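Heads up, the thing below is written out as structure tokens.
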Amino acid sequence: MPSRKFADGEVVMGRWPGSVLYYEVQVTSYDDVAHLYTVKYKDGTELALKESDIRSQSSFKHRKSQSSSSSPSRRSSSRSRSRSRSPGRPARGKRRSASQSREQKDDKKKTIQETSLALPVLALFKRSENNTERYNGEPESTEKNDTSCVILEQKLKPDLEINRVLEQYSLRSRKDDKKKEEIYSEKKTFMAVKPIEKVPTKTKELEFGGRIGTFMLVFLLPATVFYLLLMCKQDDPSLLNFPPLPALESLWEGRVFGVFLLWFFLQAVFYLLPIGKVVEGLPLSNGRKLQYRINGFYAFILTTAAIGILLYFQFELHYVYDHFMQFAVSATVFSLALSIYLYIRSLKAPEEELAPGGNSGYFIYDFFTGHELNPRIGNFDLKYFCELRPGLIGWVVINLAMLLAEMKIHNLSVPSLSMILVNSFQLLYVVDALWNEEAVLTTMDITHDGFGFMLAFGDLVWVPFVYSLQAYYLVAHPTSITWPAAAVITVLNCIGYYIFRSANSQKNNFRRNPADPKLANLKFIPTATGKGLLVTGWWGFVRHPNYLGDIIMALAWSLPCGFNHILPYFYVIYFICLLVHREARDEHHCKQKYGLAWERYCQRVPYRIFPYIY
Ligand code: NDP
């Protein structure tokens, strides 16, 4: 391979991924193995670029001086400019004389056609500078939510002033919203048909304690599940009262494994049913958008009907309670086998389909975090399926089994109030997730994390068997609570749910359609990627309001179990740790993505999850 062309520290022109636009960047390092340059944009964003996406400044100036591009592809399409959803694109005429500007105004049409190279280059030299200024100035750093696609706006309003208008981001009246929606959908189509050139990158910064950490987690996570389940069965589940280890042969039963497989494949059949709408996910790094069928809620209804039929025919659902440990072992074995399959198939996956966070080259790390981003068998998306179906719906079925087991074991005609609360709160959570299934497409699990042991075990074992711990605990440790206490806990759960739902909806709606009229009152900080960061509404309250709501709910799920033992509080304690860690991961990704704009956001919204605390 040829040696590197650009030196560290050199100021060059770097292509913005997915566009034909070049920005002034500084080379910060070079990866000899991947042959990628790490470059820093003026707004602080760091990206890895191929050599072919980098030009020297001198060659660029030479090209700029030619009045029209020699590249037909560049010249032909005004659409190509739509990629540059430039925040703060300056008025093009700023650097020119008045007479030049006049000439250009007279020749608007020609200008629009010839913008292919000259306009973006000029604009972008200025743009970077301008971004920096923008982010450093507090009043300018937030914009009313009125963004839309730059090029297509230019098509609608072909005036030289348009750049100034767009720089301000918000001079469009609400009545143009419909037009903007069209623009937005046109842009989506464009993104789908014109793939962005992929910049393959190796995962350099390892999370979860790197290779040693992930190696230990592969053993520690299943061990934790079994420990918790064994503890729950004990008469005295105090932490220091370590449970006796069960005989190995008692952990496995072929029939239980068969029931587990039946469950998994039944959910797969429901997933494949051609009911429910099909939506597009967020653009992948190559610009492609995958399609997903949204029918999780239908799967839930069908499952409810199937369970109803089983109960009608006197099937004893507390079989699940009696063989709970064996079910957990079956699910663990299955998730391990699935993870091995996922890793093997990922070895053949094209580089561009690998997960940004799970492509380190270290077996154990990639196995744990997930090497392939969206493994699919035909149209069957394995990660998306596992994310919400077998585990999440399974959790509700397990809770119901615990409720029936409680009634049977304690000879109750109605379940205890505690059990009803736990079942109802968690049912609401699951139904909400399935009802808003589309929202999962914008989560880190789908967009960033690969599908490996972490998610396979998390979705199929951790969620159904650990999240149902309170119900499992209540069967062996009946707890009675008063009605006023139940009322207070219910209010707490409702508050948590309200924060969780409205924060998630606000962000999802904003990401899916920034021009949504319902969000018109919200302000945001523009970023170099074209996406905005909300600074008012829930996302201006704390940086992760959805986590706050989730944690409040987690507490409400534990409280019905009383205060005799810490075991039912495992979920809320673990969940706080999980979300604090997840918040740190997300923070890190956002800092890389948004650079200085993210720092401005953090200054505006100083608390991460808990207002005035953290
Ligand atoms: P989030 O929904 O919190 O999304 C984080 C992303 O939102 C960021 O990466 C960024 O992505 C975008 N973002 C951040 N700040 C802003 C802002 N100010 N304005 C607009 N967009 C912003 O991610 P998660 O996947 O972690 O969580 C999703 C939900 O799932 C949460 O409610 C969480 O509580 C829940 N959850 C539940 C778990 C459970 O086990 N019960 C486990 C994990 C999560 P970008 O800019 O690229 O759009």
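What the table shows:
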| read-out | value |
| --- | --- |
| Tensor-based shape of the range 481-613 (alpha-carbon gyration tensor, a/c under 1.5 rounded, otherwise prolate or oblate) | prolate |
| FRET efficiency, 1/(1 + (r/R0)^6) with R0 30 Å, evaluated for ALA306 and LYS233 via beta carbons | 0.60 |
| Sum of side-chain charges, ALA299 neighbourhood, beta-carbon under 11 Å (Lys, Arg +1; Asp, Glu -1) | +1 |
| Label-reachable residues, the range 288-321, where backbone N falls under 17 Å from a point 7 Å from LEU412's Cα toward its Cβ | 317-319, 321 |
| In the range 500-598, chymotrypsin sites (Phe, Trp or Tyr not before Pro) in a DSSP loop with at most 16 other beta-carbon atoms within 10 Å | PHE541, PHE563 |
| Estimated FRET transfer efficiency (LYS40, PHE380; beta-carbon r; R0 51 Å; 0.05) | 0.80 |
| Listed residues TRP483, ASN546, TYR574: farthest to the positive end of the dipole of the range 483-600 (Cβ charges) | ASN546 |
| Spin-label model distance (nm) - GLU316 vs SER424, 7 Å beyond Cα toward Cβ | 3.0 |
| FRET efficiency, 1/(1 + (r/R0)^6) with R0 25 Å, evaluated for LYS202 and LYS5 via beta carbons | 0.80 |
| Chain lengthening between ALA337 and LEU282 when straightened (0.36 nm per residue, less Cα-Cα) | 16.9 nm |
| Leading residue at positive end of dipole, the range 194-306 (Cβ point charges), from ALA299, LEU284, THR224 | LEU284 |
| Relative contact order for the range 209-335, counting Cα pairs under 8 Å that sit 6 or more residues apart, in percent | 28 |
| Full-stretch length increase - SER505, ILE573 - with 0.36 nm per residue and alpha-carbon distance subtracted | 21.9 nm |
| Accessible area of the range 481-613 belonging to carbon and sulfur atoms, whole % at 1.4 Å probe | 66 |
| Net dipole in debye of the range 481-613 [+1 Lys, Arg Cβ; -1 Asp, Glu Cβ; about Cα centre; nearest 20] | 520 |
| Charge context of PHE270, other residues only, Cβ under 12 angstrom, K/R +1, D/E -1 | +2 |
| Additional length obtainable on full extension of the chain from VAL580 to SER29, 0.36 nm per residue less Cα span | 195.3 nm |
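The values are calculated or read from the model by the stated rules, or taken from the named source; none is laboratory data. What you see is a predicted model, and the numbers here were worked out from it, not measured in a lab. Note that we place each Cβ from the backbone using ideal geometry, even for glycine, and neighbour counts take in every protein chain shown. Accessible surface is based on the protein model in full, side chains and every heavy atom, while ligands, DNA and RNA are left aside. Shrake-Rupley method; radii C 1.70, N 1.55, O 1.52, S 1.80 Å.
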